[in-house]
1. Using θ = phi - 60° and the Karplus form 6.51 cos²θ - 1.76 cosθ + 1.60, what ³J(HN,Hα) does each residue of the stretch 260-271 get, whole Hz, x for Gly and Pro?
2. Would you mind pulling out the separation of the Cα centroids of the stretch 176-212 and the stretch 102-143, in Å?
3. Over the Cα atoms of the stretch 1-52, how large are the radius of gyration and the largest Cα-Cα distance (Dmax), in Å?
4. Suppose each label sits 7 Å from its Cα in the direction of the beta carbon; what would the Asn216-Tyr48 distance come out to in nanometres?
5. Taking the beta-carbon count within 10 Å as an exposure proxy, list Tyr48, Tyr291, Tyr62, Tyr152 from fewest neighbours to most.
6. Can you tell me the orientation of helix 177-188 relative to the chain, as the angle in degrees between its alpha-carbon axis and the longest Cα principal axis, to the nearest 10?
7. Please give the helix 101-111 orientation as an angle from the longest Cα principal axis of the chain, in degrees from 0 to 90, rounded to the nearest 10.
8. In nm, to one decimal, how far is the modelled label at Asp306 from the one at Arg125, with both set 7 Å along Cα→Cβ?
Amino acid sequence: MDKKNYRNLMEEVWNTDICSGCGACIAVCPADSLFYNGVDTHPVSTGYCIQENNHIPCGACYAVCPRTSLRNQTKKEIGNYISITGAQAVVDSVHRQSGGAVTAILTYALQNNLIDAVVTVTEDRWTKKPSSTLITSAGDILTYAGSRYSWYTPVLSALKTAVIEKKFHSIAVVGVPCAVSAVRLMKESDNDLILPFKKAIRLVIGLFCTEIFDYNKLFSNQMNTLSVRSWDITRMDIKRGLIIEQGDGSTQTINLSDLLGSVRTGCHSCQDFTAQDSDISAGSIGTPDGYTTLITRTSIGKGFVDGAVRAGMLLLSDNVSKDPIIAHASKKREKNS
């Protein structure tokens with residue numbers, strides 16, 4: 001029996017407006033037939049499929065999609081974990097978000113050759129426009145710290161370059177819950193065409209996420225209304241609303257209810273706030289300003305956190321509360337049920 005292919009994705013996911021836009025299907029397509037056209041909110045196909053055209057069993061794109069009907073299940077508030085702690089980076093970075101813990105863990109891992117590449121999001125510091133990128137040095141990790149995961153970009157599209165072109169074999173992936181779930185599907189897949197990705201990905205770091213915003217819509221709507229200039233933004237965070245800090249020290253907050261028109265449609269089917277399929281989850285909810293909340297979920301994740309602590313690059317704290325994390329997670333689950 002033929003495996004499900006891009007036509008099934010089109011019917012079940014793309015045409016029903018639940019595509020997360022993670023880019024996983026683009027990364028694993030062996031024919032390079034899937035891409036974003038800059039108009040649609042989901043990938044499109046060239047029309048060529050090795051399964052349909054060459055009768056070669058594939059199904060890779062469908063196998064890694066986190067939005068198919070069988071996988072779009074209700075999530076628990078936090079999910080399984082080993083520990084929940086506060087964390088603060090010892091390494092300094094002017095662009096870091098919250099406590100900089102993710103930056104510290106990745107810097108430690110690259111410096112000690114535990115990973116050889118990081119697939120993540122970077123941004124143009126002037127326009128704040130995001131892009132999926134591949135980082136291979138600790139210095140670049142510090143440069144790109146604090147990239148805006150509030151903006152949408154198909155982060156996993158860079159995996160194809162990392163795995164297939166560059167042949168990296170110990171990759172860390174940093175992403176929001178939908179991307180993390182796609183990577184977990186790669187790690188658990190028995191599809192031969194996904195095997196290179198399964199073997200190459202070593203660490204998965206997930207970021208707390210309420211929703212993702214369309215960059216163009218947000219800047220053409222709310223940012224213009226507030227007269228916020230992209231180059232003046234020094235930090236953004238989502239807590240009680242979208243908090244925007246500017247270079248002059250001023251802060252503006254946009255209510256989340258006012259941002260609905262800028263939220264990607266695929267976000268409305270996501271019930272996972274804390275990236276439960278990751279090795280380590282990170283966010284700013286549940287800890288004081290200047291700290292990162294770390295949810296260590298797997299033995300792999302624990303190994304990287306413990307190593308960064310032993311190396312003197314990360315400090316852990318017990319000053320963390322699960323209650324606000326659970327509250328945010330419950331609210332997202334109820335809203336998108």
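None of the figures in this text is laboratory data; all of them are computed from the coordinates on show. What you see is a predicted model; the values in this text were computed from it and never measured. Methodologically, a virtual Cβ is constructed for each residue, glycine included, from the backbone with ideal geometry; neighbour enumeration extends over all protein chains shown.
1. Each residue of the stretch 260-271 in turn: 4, x, 9, 7, 5, 4, x, 5, 6, 9, 8, 10 Hz.
2. When both Cα centres are located, 17 Å separates them.
3. Over the stretch 1-52's Cα set, Rg and Dmax evaluate to 10.6, 34 Å.
4. Output for this residue pair reads 2.7 nm.
5. Tyr48, Tyr62, Tyr291, Tyr152
6. 50
7. Tilt relative to the chain: about 70 degrees.
8. Placing both labels 7 Å along Cα→Cβ, they lie 3.7 nm apart.
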